[in-house]
Amino acid sequence: MTTLELIVRVSACTASLILAVALFRARHAGLASRLFGAALCVGVAAYLACSGSSPVCSVGWLSPVALLAVEVPFFFWGWTTSIMEDDFALSPIGITGGLLLLAIGIVGISTASPAFHAATVTLHSILGIGFVVVALVTVVRGWRQDLVEARRRL
C-alpha cells in the first residue's frame, strides 16, 4: 500500500466514522434511520479498511470488520427505506436477505478454494445489487407523491 493510498483510506475511514456518530446522534430522525445510517457509515469504513491493496482484514481477529463490510448493501437498503417510508418496519424478507448476505460473507471469508471464493463473491454481488435496486425503486416509487419537502430534496 502506497503512502498516498494509506492517507486517503485513513481520511475516508475517519470521515465515515464521524458521519456515523453524527447520524446516530441525529435526534430529529427516527430510530431505524439513525441506526441504519450509522451502520452504513461504519460498514463503509470497514470496506475502505478491508479493500486496500494490503490485506488488512485477512488477519483472524479483524474478520468481524470484514463482516461489517459485507453487510453494506443491507445497511443501505435499510437506511434508504427507513427514510422514505413513514411506516417502516423490518420485513422477514429483508431480515432473511441480510442474514443471507452475512452467511455468504462468512463462507467467502473462511474458504480457501479460489473457485468457491469466486462463487461466493458472485452470489454476494447479485444479492447486494438486489438490495440496492429495491432501495432505488422505493425512492423512485414514492418520490412524486411525497408531501414531505425535505425528503423530496434528499
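The values are calculated or read from the model by the stated rules, or taken from the named source; none is laboratory data. Because the structure is predicted, anything quoted here is derived from the model rather than measured. We place every Cβ from the backbone using ideal geometry, glycine too, and count neighbours over all the protein chains shown. Only protein heavy atoms, including side chains, enter the accessible area calculation; ligands, DNA and RNA are left aside. Shrake-Rupley method; radii C 1.70, N 1.55, O 1.52, S 1.80 Å.
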Residue in the range 132-140 that is open to solvent by less than 60 Å² (accessible area, probe 1.4 Å) and under 20 Å from Cys57 (Cα atoms) present: no
Inside the range 3-23, can you point out the residues that are of a type outside the set (Val, Ile, Thr) and surrounded by fewer than 19 Cβ atoms within 10 Å (Cβ to Cβ)? Leu4, Glu5, Leu6, Ser11, Ala12, Cys13, Ala15, Leu17, Leu19, Ala22
Test Ala26 against the criterion of being within 29 Å of Leu4 (Cβ to Cβ), open to solvent by less than 30 Å² (accessible area, probe 1.4 Å) and among the hydrophobic types (A, V, I, L, M, F, W, C), and give yes or no. no
Just to be sure before I move on: is Ser125 at pLDDT 85 or above, among the small types (Gly, Ala, Ser) and over 22 Å from Arg34 (Cβ atoms) in the structure I sent? yes
Can you tell me which residues in the range 72-112 are in a helix (DSSP H, G or I), open to solvent by 30 Å² or more (accessible area, probe 1.4 Å) and of a type in the set (Ser, Thr, Tyr)? Thr96, Ser110
Count, please, the residues in the range 10-49 that happen to be at pLDDT below 90 and part of a helix (DSSP H, G or I). 1
Any residue in the range 91-116 that is over 22 Å from Val65 (Cβ atoms) and of a type in the set (Gly, Ala, Ser) sitting within a Cβ distance under 9 Å of a residue that is part of a helix (DSSP H, G or I) and open to solvent by 50 Å² or more (accessible area, probe 1.4 Å)? List the pairs, counting only those 6 or more apart or interchain. Gly94/Val134
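Residue by residue, here is whether (1) more than 28 Å from Ile126 (Cα to Cα); (2) over 13 Å from the mean Cα position of the chain (by Cα); (3) of a type outside the set (Lys, Arg) holds:
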{"site": "Thr2", "(1), (2), (3)": "yes, yes, yes"}
{"site": "Val10", "(1), (2), (3)": "yes, yes, yes"}
{"site": "Thr14", "(1), (2), (3)": "yes, yes, yes"}
{"site": "Val21", "(1), (2), (3)": "yes, yes, yes"}
{"site": "Phe24", "(1), (2), (3)": "yes, yes, yes"}
{"site": "Ala49", "(1), (2), (3)": "no, yes, yes"}
{"site": "Val65", "(1), (2), (3)": "no, no, yes"}
{"site": "Val72", "(1), (2), (3)": "no, no, yes"}
{"site": "Phe76", "(1), (2), (3)": "no, no, yes"}
Conditions first: (1) under 30 Å from Thr3 (Cα atoms); (2) out of contact with any Lys or Arg (no Cβ under 6 Å at 6 or more places or on another chain). Ala135 passes all but one, so which condition is the exception? (1)
Would you check if there is a residue in the range 29-36 being free of Cβ contacts under 8 Å to residues at least 40 places away in the same chain, open to solvent by 40 Å² or more (accessible area, probe 1.4 Å) and among the basic types (Lys, Arg)? no
For Leu136, all conditions in the list (1) in a helix (DSSP H, G or I); (2) at pLDDT below 90; (3) not β-branched (Val, Ile, Thr) hold save one; what is the number of the exception? (2)
